[in-house]
Amino acid sequence: MAHTIVAGNWKMNASKNAVTKLLSELKLGVAAVNNAELVVFPPFPYLAQAQAELMGTSIGIGVQNICASAKGAYTGEVSLAMAREFGVSYVLVGHSERRALFAEDDAQVAAKYVATQAMQLTPILCVGETLEQREKGLTLSVVTSQIQAVIDAAGGASFANAVVAYEPVWAIGTGLTASPAQAQQVHKAIRAHVASIAPEQARGLKILYGGSVTAASAEELFAQADIDGGLVGGASLQADSFLAIGQAAK
Ligand code: PEP
């Protein structure tokens, strides 16, 4: 694997002052992050500020959601072309909060994935099971069916230009983290599922783990064979914890 990706999903948390503080601290600390690509995912109103403040740094910018349609009568939505004007290179698609709170289904997620790639941006496809599904032994079938919905729409070869994030729903924002072994089992199954259709793309595919990742849990998670980085929510809002997670990549 070339490098680890550590992505910070700010969710709906920011203010102009908080963005300035966080990004200036990240800029000061990023030189000590040697083996990870840091990417921040601010809310849309702060993209221009993030682009200006991160200009010339190695810290990338992503968005938390996008509209699959190109333009027109979609009140309240933001297009990929708009996001791209602000230096965005990654797009989260299918985050569990979008699936659960905004009723995004596999077909909508696949449409966003396809549209993102069509604009030469990289989708980070989020998949993961609920606690109930895990307790029923459905984890691998849920996750592989979420991946398959995208394979059906975009083909296996599309994974050459995509990132997957495995985020067990029960671990997001709860303080519960999948153990490294639990996470590795699912990551391995995701890679194997993609490999059954697109072996070469599966070998190079980056699969991030997300779910209450902290500086304390990151090193062991990132040491797993099929874990290529993290999608970090709460711990990405403070520069010291986000940088420490970046430094956990060896
Ligand atoms: C997330 O938002 O994708 C996430 C994993 O959040 P947290 O790290 O807070 O669980």
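The values are calculated or read from the model by the stated rules, or taken from the named source; none is laboratory data. Since the model is a prediction, treat every value here as computed from it, not as a measurement. Cβ sites come from the backbone with ideal geometry, for glycine too, and all protein chains shown count toward neighbours. Heads up: the accessible areas ignore ligands, DNA and RNA and are worked out on the full protein's heavy atoms, side chains in. Shrake-Rupley method; radii C 1.70, N 1.55, O 1.52, S 1.80 Å.
What the range 188-247 shows is 38 Å² of accessible area per residue, with the surface traced by a 1.4 Å probe over protein heavy atoms. Spatially, the range 77-151 and the range 202-239 are offset by 17 Å when compared through their Cα centroids. For the set 152, 105, solvent exposure ranked by accessible area (probe 1.4 Å, protein chains only) runs largest to smallest as 152, 105. Using a cutoff of 8 angstrom between alpha carbon atoms and counting only pairs six or more residues apart, the relative contact order for the range 120-219 works out to 34 percent.
For the set 209, 90, 46, solvent exposure ranked by accessible area (probe 1.4 Å, protein chains only) runs largest to smallest as 46, 90, 209.
Reported to the nearest whole Å, the Cα centre-to-centre distance from the range 154-177 to the range 1-49 is 19. Measuring nothing but how far apart in sequence close Cα pairs (under 8 Å, 6+ apart) lie, relative to its length, the range 4-247 scores a relative contact order of 21 percent. Within the shell defined by Cβ-Cβ distances under 12 Å, the residues around residue 250 carry a net charge of -2, with Lys and Arg each +1 and Asp and Glu each -1.
Sorting 85, 37, 219 on solvent-accessible area from highest to lowest, probe radius 1.4 Å, gives 85, 219, 37.
Of the heavy-atom accessible surface of the range 90-245 (probe 1.4 angstrom), what whole percent is carbon and sulfur? Carbon-and-sulfur percentage of accessible area, whole number: 55. Calculated mean residue ellipticity at 222 nm for the chain: -12500 deg cm²/dmol, from DSSP H runs with n ≥ 4 weighted as -39500 (n - 2.57), summed, divided by the residue count and rounded to 500.
Using R0 = 22 Å, the C-beta based FRET efficiency linking residue 185 and residue 100 works out to 0.40.
Between residue 131 and residue 89, the modelled labels are 3.8 nm apart [label points 7 Å from Cα along Cα→Cβ]. What is the sum of charges, Lys and Arg at +1 and Asp and Glu at -1, for the other residues whose Cβ falls under 15 Å from the Cβ of residue 170? For residues surrounding residue 170, the net value is -2.
Segment residue 15..residue 118, full-extension length gain: 33.9 nm, with 0.36 nm per residue of separation and the alpha-carbon distance subtracted. Near residue 24, once Lys and Arg are set to +1 and Asp and Glu to -1 for all other residues with Cβ below 15 Å from its Cβ, the sum equals 0.
Over all directions, the projected convex hull of the C-alpha atoms in the range 4-247 averages 12.2 nm² in area. Beyond 27 Å in Cα-Cα separation lie the following of the pairs 27/188; 206/250; 11/112; 11/206: 27/188. If the chain linking residue 238 and residue 28 were pulled fully straight, counting 0.36 nm for each residue of separation and taking away their Cα-Cα distance, it would gain 74.3 nm. Between residue 223 and residue 78, the modelled labels are 3.8 nm apart [label points 7 Å from Cα along Cα→Cβ].
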